Amino acid sequence: MDLLNTLVDKGLRRELPTREEALAVLATSDDDLLDVVAAAGKVRRQWFGRRVKLNYLVNLKSGLCPEDCSYCSQRLGSKAEILKYTWLKPDEASQAAAAGVAGGAKRVCLVASGRGPTDRDVDRVAQTIAAVKEANEGVEVCACLGLLSDGQAERLRGAGADAYNHNLNTSEATYAGITKTHTYADRVDTVQKAHAAGLSACSGLIAGMGESDEDLVDVVFSLRELDPDSVPVNFLIPMEGTPLAKEWNLTPQRCLRILAMVRFVCPDAEVRIAGGREVHLRSMQPLALNLANSIFLGDYLTSEGQAGKADLDMIADAGFVVEGADEVTLPEHRVDAAAGCGSHAARGCGSHEGQGCGSHEGGGGCGPCGTSEPAAESDEARTDPVAEPNEARTDLVAVRRRGAGTDLAPNA
Ligand code: SF4
């Protein structure tokens, strides 16, 4: 297929595909799907080999958010029956993080619901970062606290944060239909603040909110321009009690095409499968490791993921290896560029080709919207016929009831 040969060549050279080429990936037929995965897999292996980076989420503060992001179970007015709690103490967060690190995670993502942190919140998170780093030598810490005010990114960087996550989520054109309490420009601004402060930028999207192919290509091209080091790809988990509860728009095949398109557009960025992996990719998760080089281990913010052991087994069975704490995640050219910028703390956090320092990254809101996991399938689910495309798989969505904010052990 000429299209795929062209995209592989461009990906190996870190050359931007055209919008038409990116759209064509999303429009490929099921007959061509394995060829698409194989082509994007070549690009993935060129920059990341067969390594899979594991990341671990710690929800520092859950629910009760004043913002109205339609996809989010923690939003204003959400009827989702999620865990709701205020700030974890530093030692509680550190304990949760340690479980993820023991399970193989090299990055811990400290996430808090809310529009953005107060200066007091930043102090609090600074103490938590110190506790996590003291107890887990060499761990990378990413903060995800919402919109940042002037100076806060620098304070987080000074406190030892390696990265900051803020997702763009969707295209600029559709953003106002998803969230009314802040803007797309607010999100871009926070990513740029994080990058300017020397934090490794992490910014991605949520697919499955009713957007068009053009919207998906728009947001991924915007991300390429912001040039984050990591790009989380969330697949919407339509949580009951949120405005998007009926938006079951994704199939495993669609998810694979989206991941392939992201890989072709952002060939040397850490592409991470985030929320919705188990719900939407289902038994196709191992195939997706040919496209993404990073996943979350265990549970998500407000929903449960598959058992951490199942994540590790899947990686090994598919012929991939968990990236070690002493391995550098990003390709050398990105690391060198970061060093040239005098930024980025942690090993493994890369840089930004081409565009000097002090810029980039978009992000916004909170990280991986909650997702679930195929906890053990019920007898009823096992006897169901094969799921039709776009069937609502509410049987695969489980609200998180363990780990941070509970007395039960975390899943890692
Ligand atoms: S994504 Fe973040 S800012 Fe938006 S409603 Fe959820 S917790 Fe609040």
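None of the figures in this text is laboratory data; all of them are computed from the coordinates on show. Only a predicted model underlies this, so the values are computations on that prediction, with no experimental measurement involved. No Cβ is skipped: glycine too gets one built from the backbone with ideal geometry, and neighbour counts run over all protein chains shown.
Taking R0 as 56 Å, what's the FRET efficiency between L23 and R120 from their Cβ-Cβ distance, rounded to 0.05? After rounding, the FRET efficiency stands at 0.75.
Residues M284, M239 in ascending order of nearby Cβ atoms (within 10 Å, fewest first): M284, M239. Beta bridges from DSSP with both residues in the chain: antiparallel share about 5 percent, rounded to the nearest 5. Starting from the Cα gyration tensor of segment 18-72, take the square roots of the eigenvalues, sort them a ≥ b ≥ c, and report rounded, prolate or oblate (rounded when a/c is under 1.5, otherwise prolate if a/b is larger than b/c, else oblate). It is oblate, given that a/c is not under 1.5 and a/b is not larger than b/c. Taking a straight line from the alpha carbon of K61, these lysines sit under 23 Å away, with near neighbours fewer than eight places off in the same chain left out: K79, K84, K89, K106, K133, K180, K193. Given a Förster distance of 30 Å, report the FRET efficiency between K84 and S149 from their Cβ-Cβ distance, rounded to the nearest 0.05. For K84 and S149, the calculated efficiency is 0.75.
Shape of segment 33-142 from its Cα gyration tensor (a ≥ b ≥ c, root eigenvalues): rounded if a/c is under 1.5, otherwise prolate when a/b > b/c, or oblate?
oblate
I need the calculated FRET efficiency for the pair E15 and V328, taking r as the beta carbon distance and R₀ as 25 Å, to the nearest 0.05. My answer for the efficiency is 0.60. Shape class of the chain from the alpha-carbon gyration tensor: rounded, with the ratio a/c of largest to smallest axis under 1.5. If you average the C-alpha positions of segment 172-205 and of segment 390-412 separately, how far apart do those two centres end up, in angstrom? Cα centroid of segment 172-205 versus Cα centroid of segment 390-412: 27 Å apart. Here segment 41-341 is assigned +1 on the Cβ of each Lys and Arg and -1 on the Cβ of each Asp and Glu. Its dipole about the Cα centre then comes out at about 420 debye. Model label sites at D32 and R282, defined 7 Å from Cα along the beta-carbon direction, differ in position by 2.5 nm.
Each of S303, S78 has some number of other Cβ atoms within 10 Å of its Cβ, and from fewest to most they run S78, S303.
Look at S222, S203, S94 and count the other Cβ atoms within 10 Å of each Cβ; fewest to most, that gives S222, S94, S203.
Among N390, N165, N59, the largest mean-square fluctuation in a Gaussian network model of the chain (Cα springs under 10 Å) belongs to N390.
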